[in-house]
Structures are given as structure tokens and as C-alpha cells.
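Remarks on the structure that follows.
The values are calculated or read from the model by the stated rules, or taken from the named source; none is laboratory data. Quick caveat: nothing in here was measured; it's all calculated off a predicted structure. Cβ: placed from backbone, ideal geometry, glycine included. Neighbour counts: every protein chain shown. Only protein heavy atoms, including side chains, enter the accessible area calculation; ligands, DNA and RNA are left aside. Shrake-Rupley method; radii C 1.70, N 1.55, O 1.52, S 1.80 Å.
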Amino acid sequence: MISSDSKIFSKARTAASASQVAMTKILDFPAHASTRIAMIGGFSPRRCGIATFTSDVRESVVKAFPTAVVDIYAMRSSSCAWDVSSEVRAVIDQDDPESYLLAARDIAQSGADLVWLQHEFGLFGGEAGANILALIETISAPLVVTLHTILEDPTPAQRAVMDKILARASRVVAMSDFGRDVLRRVYRAEDDQIVVIPHGVPDRPFGRSAMFKSGLGLEGQHVLMTFGLIGAGKGLEKAIAALPEIVAAHPNTVYCIVGATHPTLIAREGEKYRDGLIAQAEELGVADNVRWFNRFFEISELLDLIEAADIYITPYMSAVQATSGTLSYAVALGKAVVSTPYVHATELLADDHGVLVPFNDSAAIAGAVNALLNDPARLLALQQRAYACGRSMLWPEYATQTMAVAHSVKPPALPRAPLLRNRAPAPISFKGIARLSDDTGMLQHSCYAVPDRNHGYCIDDNARALMLMNYVGLQHADEADKLATIYAAFIQHAWNPDSRRFRNFMGFARNWLETEGSEDSNGRTLWALGSTVAEGRSLAIRGWAQILFDKSLDIALSFGSPRALAFATLGALRVLSTAPGHQVALDVVQHTVSVLKARLAVAQTSDWLWFESVLAYDNCRLPEALLRAGLYLKDTEATDCALQTLEWIAKQQTTSDGLFRPVGSETFGRELADALPFDQQPVEAWAAIDAADAAFDATGDQQWLRDADRAYQWFFGANNRGISIADSQTGTCRDGITARGVNENEGAESTLALHLADYRFRQLLAKATKSELRVSDVEAVNDISA
């Protein structure tokens, strides 16, 4: 008995993926919302499935959401030249690495809210399509990736590419539940990263096959059909081998094989595969029952052909075919399907929406086709069920789910508060510092908000914590006095007289894990000691700091690390502010100035104004130390070099829309390369504020007040993810911004960076206020939020 339309459609809705329904319900994307998507993939008139799919996605999205903008970045191969349509913003030549970088820069300048990549390994140049990685590593907008192939057994190169894509993507879209399972099981993708959206399909009326048969001259024929690019693995020889049995029972049967031979196969062996199929049909005596449509069809032509079919056959020979757009089209147009049980067919044809036959079994294909042709009522019922199933995959529904995903990753537009002379930022709670401290010192890491004892302590954090205690006011004076002593004791215990270096890492059991720490950790400790000599909470702790500083400062003269020298110099300058005759401190300052000027002379190029051929962490400390030292020594060459390099690094850390964006840690070690956006660390924002403070002291230029404000507001959401990583009420800061969002852990380095940045920014505001800015200057500062 044939089910009623209402029952059929109800069943189709019930069969919809749970993740689709959840996505649609949870993310109610407003039709009027303005979103700009940079979509990368093939695009018409390129002749491939990805190009057709990308074109259909764009058309469906802009039709359903008129205010959305979808910029197409179309992949082009050297063997496939075509005219660029007006819908294409830019073309990426798949074998030209520079073309990917140019596209990434254009995406940044376009103000795209997110990047949506249509991924297929063969679409991009390099081994396993690795060229695309240069683009996705460079972009700062959230990344969504639709995976058209998800391999259970990838090659090492394919696995490496997939791992990097998954590490960058905020969301990955699979077209089947099987694809989601492979992403979880093989690639260890996280559940909240994966979204299932089945292949989109067109909406056409049901039951028009007779009309379209007439247009092909096939009136009164039973039409079987397979379509898509022709190539080995499609199993067409198995379907042709089934024809003699089918034709014997139903002589008026025609098997239409629609599609051009795959271009890659053509390049390798010409039409050898197709010629073999033609010869097979002749040998079996069914050549007159096979009709060949040997060309690439535009989507409208293809749909007309499919409408003429009664039964669609997919005799694929491999179970790993995760997605088939052709199968989706056939189901949506209400065709009875006979298919081998590859992954997509098994899912889509479940619940009696099609007929599955074993792989490589021509007799089973013939039996299934004949059973349907022998029973017209059963054939019609199967066609109706297929058509109803396809209603949940229509392109308007696909567009809705696409925009729901876009809405879920699009950074919110957070307004930045204007900077005013008479208003300080909200106070930062001291609780975050106390939470991370115990009787030994400050613990390095947290698991979310809970201190993680597994990683113990380090002198870097305790040095920063000691500096912070020097600045804590009366409200927390008693607690700061106690903690300053604890941090000082940690530093004192870290000094190793045998190696004449400070140790860095200590286990939770108070066991030192090394005999000496890195140069940078030693330089940072000298900085903290110098700060405490000048600004310690009591005469006693200042005296202690002076003794240990005098004992250890000369090690700075042997440092090779420019950052270690910069840290030590910042400490030496604090000591010189109270003891101008301190000769070793003066020697360190002069030595650092000499080293940094020499490094700049060697490393700089016409467009690389920096002290090294690479960017690393705490970048702004280098020009800050050179600037403060140059001012102290009255060395105008040093101050000029410092200001020029600081302006250069500030540009590297400013987005096209004027936000602060720290040099990402993924940048470290890349020779003369543009800064990568992730991972962004809070210490970089603190360093930028300190350096801006030094530049303001040197110049009085309001530019540096604006730069400091940008860096400070980065903590509170003025970043390219629109996420506040600092919490003023708890006094904590999360560990940074990654390609996929926020690192939710709240470690010592991040929390201390927030507090130290807050202190310096308040100082700078106070100085700016005292400088009696002109009204026009105040208005210029307020323009930061524009």
C-alpha cells in the first residue's frame, strides 16, 4: 500500500539528522543580519563537483539572506583557464604559493567575518593539497571547513594536512553521520567542532519523468541512469554487465550514462576506460540499450536529464565514498535508487528510501532493477519516499544551516569605550593573584580556574609577581606584603652560586628541576630585582633586592639573548634611577644599547625594521629597553632607532580595522615572515602598553596613548574574536586567543600580564591627564573607539 504524502513527509522530517535540527533550533539566525563570508573553493565555470557545489551554496545563501555577502575566492589550476565572473572576488592559482598569501591579505582587507573553505585534497596544490595551509595559517577570521572527502586511512601527508586544518577550524562540516564518526574516531576532532549538514539539493516538482523522456526521444522507455565524472571505481562495468538480464525481461530499457570522463583520467590515459565500457556493451549485445552523454553538463541541464530517469544506479565499488552529490540529487528529484552500500548510500537510503545491493554483484543489480520494473506500484512508492526524504536537504534549508554555523562563529561586534581623561578603567580584583599563590610561590598553570599543581612553579612568574607587589596599593597592602616576601624567598632560593645563574623550574614538591634556567628567565629575574630595589614595599625588601641584584647583575654581560639583555636593562635602569653611580648597572645598559643597535644594523631590510630576522615573544621589550636606555644615556641615535622599531612592530600588531593583535606564537622562528595571528598571548599586550608608555615619555605624542588603549582593550574584547579574556571581578585572565577561540585556562603568566598591564595603563592615563591635553587631542584619543 502506498503511504499518503503526509505520512511520507512526516517520516522524512523525523529522519533528519539530530545535529541539523539542534543547530537550526539553537541558532536562530536573523534574516536581516549582515555577515560577510569569504568562501574558498572551485567555482563556475570550472567543471568539477566542488565548483558546482560552491556556486550552489553561494546562490542559496544570498537568496535566503539578502544582506549577507559571500565573496568567492575561486581555485584555478594551470590546466583549467576560464574567465572570471563578477561573483568572484579573487582567483587563487593552486600551484602558486604566493597566490594563497595574496588571497589571505585580501580577505583581511575585506573585513570578512569568517572564512568558509570547501576542502578536497585535489583542489589545492602541494602534496595532499598542503598549499592551502599557508592561507589558513595567515587569516585571523574564524575558519569553517566543509570536508568533501574524509578518509579513514589517510596517507601521512593527508593526515598532516587534516590535522592542521582541524587545529585551525572553529567548525568542520561533514555531510554524513559517518563522516562525523571518522572525524571523531580517526582525527580526534571534538564533538562541538563538528556539524553535519547533508549535501544541498534543488527543489523541483515530483513525477515529471514522462515529459523529460519525451525531450530526449525516450518515450515509453524504462530509463536507468548513472551520472557524474566517469572513471574507474564508479563500477559502471558492473551495471553494464547487469543489462542483458534486465533487457531480457524488459526490452524497452535504456541505460543512460551521463558525464564526461574525469579530466585527470583523460590526461593519464585518454578515453581508455570509456572505450572499454563501450566494447563491453557491444560484446554483451546491449550496445543499443546504452546511451552515452559524453560531456560536462551545467546543473540545469543535468537536472533535466535526471528527471527523465525512473531508476538511478550507483554501482560504486568502494565502501568509503562518504558523500555523493549525484546521489543526493537523484533522491531529491524522486528517483528510485539501486546502489551498492557505500557510506553515503547506506545513510541516505536507510528506512526503505532505496535498494542496496552487494558490491561487485551484477546479478544483484539486475534482480533489484527487475523487481522494481515488475511492480510499478512499488516503484512509485519508492520514488515518493525518496522525494519526501529530499525535502529536508533543499538548498534553502542548507542556506539556513550554513548561516546558523556562520552566526555561531562570527565574532560579536563589541563597542570599545572611549578613553577619557577623567575616567579610569574598572578596578581589577586582587583575588586572581591570591588564588594562584601558596606558601612556596606562584603556581605556573591552571586547569580552567583551578591551579594545576602538576606543573609546579617557575621563576619567570614569581619575578613578575614580585614586580606586581611593588605596585599594589593600600587596599591590599597586608596581603601584598606577605606575598612579596614569598615571591622574594622563591627568587632567593633560585640563585645557584655554583653556576652563578638563577634556576627556573621547580616541582610542586619544592624540588628544582634544573641547575640553571634560560637566559631570558635570568634576565627577567634581574628586572624584578631592579624594580624591587627602586620600588619595593619596604626598606627591608629593597635592601634584600639590592644585595642579590649586586651579586648577580654581571651575568647579564654574558647574555646572548637580546630579550634577556632587554629585561636586565629594564631592571638596571630602575636601579640607576635611585643609584646613578651603580657602575655594573651602567655597563649593562650601555652594553645592551650597543648590542641592539648592532643587531638592528645587521637584520633590517627595506621592509623589515627589526633587531632579528624573526619575530618572537615579548617583542616590544626590545624597543622599550632601547628607548628607556637611550633616554637615560641621552643617546639620540638609540632613541630614534627605538621609536622607529616600535612604530614598525606596532603596525605588525594592528589589524586592518584598527584592533590590537599580538604577534601570534605560531610566528616564532619564521624568517622575515609576516606575523601569524595565533596564538595570541596576554604578555604581548602588557609589553605593548609598557613600550607605549616609554614612547609617550619620550615624545608626548598621543599616538602612543592610542596604541596603549588598543592593547589594553584587547583584554576586554577589542580583538579579532570579539571575546573578553579578562575578568575584572575575579582578577583573572585566560591564557590567550587561539584560532578556534579562547584558551580557557587561567595561568599565572596571563593573570600577571593583566594586572601589570592594568597598572601601567593607569599610570599612562594619569600622565596624559597631567599633560593638559588640548580639546582636539582628547577628541583624537576618543576616536580610538570609532
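Points worth noting:
- Given +1 at the Cβ of Lys and Arg, -1 at the Cβ of Asp and Glu and no other charges, the dipole of the stretch 182-277 around its Cα centre is 60 debye to the nearest 20.
- Percentage relative contact order, the stretch 499-647, counting C-alpha pairs under 8 Å, at least six apart: 18 percent
- Computed from the alpha carbon atoms alone, the convex hull of the stretch 179-316 holds 157 Å³ per residue.
- Sequence-ordered 3J(HN,Hα) estimates for the stretch 192-197 from the Karplus curve with 6.51, -1.76 and 1.60 and θ = phi - 60° stand at 6, 8, 9, 10, 9, 10 Hz, glycine and proline given as x.
- At the residue level, I723 shows approximately 50 square angstrom of accessible surface with a 1.4 angstrom probe and all protein chains present.
- Residue-averaged [θ]222 nm for the chain, counting only DSSP H segments that reach four residues, each worth -39500 (n - 2.57): -15000 deg cm²/dmol
- Mean separation of Cα contacts under 8 Å, 6 or more apart, over the residue count of the chain: relative contact order %: 11 percent
- When nucleic acids and ligands are ignored and a 1.4 Å probe is applied, W116 ends up with an accessible area of around 0 Å².
- The alpha carbon gyration tensor of the stretch 399-516 gives principal lengths a ≥ b ≥ c with a/c of 1.5 or higher and a/b no greater than b/c, which makes the shape oblate.
- For the pair E269 and D203, the difference between a 0.36 nm per residue extended length and the Cα-Cα distance amounts to 20.0 nm.
- For I150, nonlocal amide neighbours, meaning residues 5 or more places apart or on other chains whose placed amide H falls under 5 Å from its own, are A322.
- Cα shape, the stretch 180-239, gyration tensor, a/c 1.5 rule: oblate
- Shown for the chain are the DSSP H helices of 27 Å or more along their axis, judged by Cα atoms, with a mean Kyte-Doolittle hydropathy of at least -0.5: 583-603, 748-770.
- Sorting S99, S86, S724 on solvent-accessible area from highest to lowest, probe radius 1.4 Å, gives S86, S724, S99.
- Stokes-Einstein translational diffusion, the stretch 472-543 - Kirkwood Rh over all Cα pairs, 1.567 mPa s, 4 °C, in µm²/s: 98 µm²/s
- In this structure, the amide hydrogen of T253, modeled 1.01 Å from its nitrogen in the peptide plane, lies closer than 5 angstrom to those of H222, counting only residues at least 5 positions away or on a different chain.
- Inverse of mean 1/r across different Cα pairs in the stretch 274-350, Kirkwood, Å: 14.0 Å
- Counting heavy atoms of the protein chains alone, S78 has an accessible area of about 110 Å² for a 1.4 Å probe.
- Structure-derived volume of the Cα convex hull per residue in Å³: which label, when the choices are [x] 185; [y] 218; [z] 370: [x]
- Extension gain for A449-L380 works out to 18.8 nm (0.36 nm per residue, less the C-alpha to C-alpha distance).
- Order by protection proxy (mean Cβ within 10 Å, highest first), peptides 469-476, 629-636: 629-636, 469-476
- DSSP beta bridges confined to the chain are antiparallel in about 30 percent of cases.
- Accessible heavy-atom area order of K272, K551, K767, highest first, probe of 1.4 Å: K272, K551, K767
- Overall, the ratio between the Cα radius of gyration of the stretch 568-701 and 2.2 N^0.38 Å, rounded to two decimals, is 1.05.
- Accessible heavy-atom area order of W610, W512, highest first, probe of 1.4 Å: W512, W610
- ³J(HN,Hα), Karplus 6.51/-1.76/1.60, whole Hz, each residue of the stretch 655-672, x for Gly, Pro: 6, 5, 9, x, 8, 6, 9, x, 4, x, 5, 5, 6, 3, x, 8, 5, 6
- Rounded if a/c under 1.5, otherwise prolate or oblate - the stretch 78-175, Cα gyration tensor axes: oblate
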